[in-house]
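J.: This structure is in structure tokens; I'll ask about it shortly.
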């Protein structure tokens, strides 16, 4: 158990911000009990510090995770930050503290290791599902896909879709974590997207969706209709907005938010290359 005084840290919610918190905690010899990302409300009696993201310090900590411990440990920390594990930052910091001051538990059934490895396994499986289940729609020359994952899977999906669609411009929007993977001209970036308002899809896309619904209705056998089994094989959260199934087992009509004529090309961010935050998220 650490003898460092405990505190609570508020940070910007990014991986670089978390690494900055780690570096500042080691520098000040304080042990964060709570990590508060933007929007998080937590009543605590611990002293609260605001920690602004410091890219230089984050890079130093990121390198130290590999040089002072191991490449596998750094990979575990990177993947662990992408999981939906409650208070994941605290779990990661506990292991980092152990790695630098004592030694990591060698027993894989140790609760501190087991919880994190299970969460990472859930992250990897969810990303694998989305590699197969994501569907894109054409919006004026830009392909748009919408997902609602439990984990932050965009960094794991990025290599697959950038390699599979190298000549396309696309946006893969994570509705849960309100961020998007943008790709165009061989360059990519993951950035926050608070809200995504889409115009109607192109005429060809609308015809394709109508043909799919007609095909779905034509080949269906009413006597063998089993919505529960469908959801067992493909849960609702893995379906796109126009693939979700109603209680009656039929595809739901697509929800389209109105937008002015120009689609997403004007919304694409300026690509500045492979920033540290995105590089750190890359598997």
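Since every read-out is calculated from the coordinates, none of them should be taken as a lab result. All values reported here derive from a predicted model rather than from experimental measurement. Here the Cβ positions follow ideal geometry from the backbone for every residue, glycine too, while neighbour counts run over all protein chains shown.
J.: Translational D (Stokes-Einstein, µm²/s) of region 191-239 at 4 °C and 1.567 mPa s when Rh comes from the Kirkwood sum over C-alpha pairs?
T.: On the way: Rh = 14.0 Å.
It comes out at roughly 93 µm²/s.
J.: Would you mind ranking 93, 238 so that the residue whose beta carbon has the fewest other beta carbons within 10 Å leads the list? Kindly include the intermediate steps, with their values, before the conclusion.
T.: On the way: 93 22, 238 19.
Fewest to most other Cβ atoms nearby, the residues stand as 238, 93.
J.: Continuing with this model, one more query. Calculate how large, on average over all directions, the projected area of the Cα convex hull of region 1-43 is; give the answer in nm² to one decimal.
T.: Values: hull surface 12.7 nm².
Over all viewing directions, region 1-43 projects a mean Cα-hull area of 3.2 nm².
J.: While we're here: Quick one: compute a quarter of the convex hull surface over the Cα atoms of region 159-248 and quote it in nm². Mind dumping the intermediate values first?
T.: On the way: hull surface 31.8 nm².
The number I arrive at for region 159-248 is 8.0 nm².
J.: Oh, and also: List residues of region 5-23, by number, whose backbone nitrogen lies under 17 Å from a label position 7 Å along Cα→C-beta of residue 48.
T.: 6-13
J.: Translational D (Stokes-Einstein, µm²/s) of region 1-110 at 20 °C and 1.002 mPa s when Rh comes from the Kirkwood sum over C-alpha pairs? Each step should come with its number before you reach the end.
T.: Numbers: Rh = 14.2 Å.
Here the translational diffusion coefficient equals 151 µm²/s.
J.: Among 142, 153, which comes first, second and so on when ranked by fewest other beta-carbon atoms within 10 Å? Don't skip to the answer; put the middle values down first.
T.: Numbers: 142 22, 153 26.
So the ranking, lowest neighbour count to highest, is 142, 153.
J.: Once you have the Cα-Cα distance between residue 104 and residue 232, take 0.36 nm times their residue separation minus that, and quote the gain in nm to one decimal.
T.: Numbers: separation 128, 0.36 × 128 = 46.08 nm, distance 3.84 nm.
In short, 42.2 nm is gained.
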